[in-house]
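Pasting in a structure now, in structure tokens, and then I'll have a few things to ask.
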Amino acid sequence: MAIRAFFLSLLLLLICAACKKEPLFDGANCEGNCYILTGKLYDPAQGKNLPGVDLRFYYKEWRGMASSRTDYLGKAATDADGNYRFIFDGTNYQNKIGSFYMEAYKDNMFHDVYDGRKLPHFYLDSVQYGVPFNQDFPLYKPATIEIKVLAGKLDSGQSITVSQNFGKRGFVKTISGTGGPVNTTFTFKTAGGLMSYVWATKADASPITTIQDSVIIHANTTKQIEIRF
């Protein structure tokens, strides 16, 4: 039993060690084929740049249909004016099938309703060696919108589609008819302090009816709107 416990402990230590990824670059020094990543993080709702955003940089290489590898390149932080700079040697990232991406950490702010803190993937090649590659990104404070949908009757074959966004990708939900009344509430994540747009369409009915609405919700709060057909 003692030997078994020893090997189990050793295995756990190895697993934990493997989970701790050290950055490949310090982000400040580079000799040779240097990629220079620059840009700004900002809050559109406040109209202000964001200082103190922690950024992490990655490269994801695709090796096959079900295989990939992700390298943790390093980290940086935005300065008092919301600017960031990260520099690294790109020699080992040529002639591969893959892309770069960043993650941004600032309180509970997010960039995308689906991917949260992940910023969009981008590509670099030897043309960018030594030339700053600039990308500015917005971060949003979260809010919640509840959309209550009411309909007296929704027949079989009919449907109500509800969508919500704030200028970026949004969510879409569908209610299928059963012949009875509809009283359904959908909860969506949105951006606090910005206009959220709502569309609801009753399809396969005559006439097709579309209802639109919009609302501004304070950050870290919830607001409900009601749509009646």
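The values are calculated or read from the model by the stated rules, or taken from the named source; none is laboratory data. Computed from a prediction, not measured in an experiment: that's the story for all the values here. Ideal geometry is used to build each Cβ from the backbone, glycine not excepted, and the neighbour counts take in all protein chains shown.
How many residues are in contact with an Asp or Glu (Cβ under 7 Å, 6 or more places away or on another chain) and either surrounded by 14 or more Cβ atoms within 10 Å (Cβ to Cβ) or at positive phi (or both) if we restrict to segment 56-68?
Final tally of qualifying residues: 3.
Turning to a different aspect of this structure: Residue by residue through segment 144-171, note down the ones that are among the basic types (Lys, Arg) and either assigned to a strand (DSSP E or B) or buried (at least 21 other Cβ atoms within 10 Å of the Cβ) (or both).
If the condition is that a residue be among the basic types (Lys, Arg) and either assigned to a strand (DSSP E or B) or buried (at least 21 other Cβ atoms within 10 Å of the Cβ) (or both), then 148 is the only one that fits.
Return only the number of the condition from (1) more than 22 Å from the chain's Cα centre (by Cα); (2) under 20 Å from residue 221 (Cα atoms) that residue 167 does not satisfy.
(1)
Next question, about the same structure. Among (1) under 22 Å from residue 207 (Cα atoms); (2) under 23 Å from the mean Cα position of the chain (by Cα); (3) at pLDDT 90 or above, there is one condition residue 161 misses while meeting the rest; what is its number?
With respect to (1) under 22 Å from residue 207 (Cα atoms); (2) under 23 Å from the mean Cα position of the chain (by Cα); (3) at pLDDT 90 or above, residue 161 is out only on (2).
Now, a different point. Could you pull out the residue among 170, 130 that is over 30 Å from residue 32 (Cβ atoms) and of a type outside the set (S, T, N, Q)?
170
Any idea which of 39, 74, 52 is under 21 Å from residue 104 (Cβ atoms), in a loop (DSSP other than H, G, I, E, B) and within 20 Å of the chain's Cα centre (by Cα)?
52
Restricting attention to segment 190-215, and to residues there that are charged (D, E, K, R) and surrounded by fewer than 19 Cβ atoms within 10 Å (Cβ to Cβ), which single residue is nearest to the chain's Cα centre (by Cα)?
213
Checking the condition in contact (Cβ under 8 Å) with a residue 12 or more places away in the chain, closer than 30 Å to residue 82 by Cα, of a type outside the set (A, V, I, L, M) and assigned to a loop (DSSP other than H, G, I, E, B), which residue from 193, 180 passes?
193
For segment 69-95, name all the residues that are surrounded by fewer than 12 Cβ atoms within 10 Å (Cβ to Cβ) and not charged (D, E, K, R).
80, 94, 95
Can you pull out every residue in segment 116-139 that is under 11 Å from the mean Cα position of the chain (by Cα) and over 18 Å from residue 84 (Cα atoms)?
116
While we're here: For residue 127, indicate whether it is without any contact (Cβ under 8 Å) to a residue 24 or more places away in the chain, in the same structural domain as residue 37 (by TED's automatic domain parsing) and of a type outside the set (Gly, Ala, Ser).
yes
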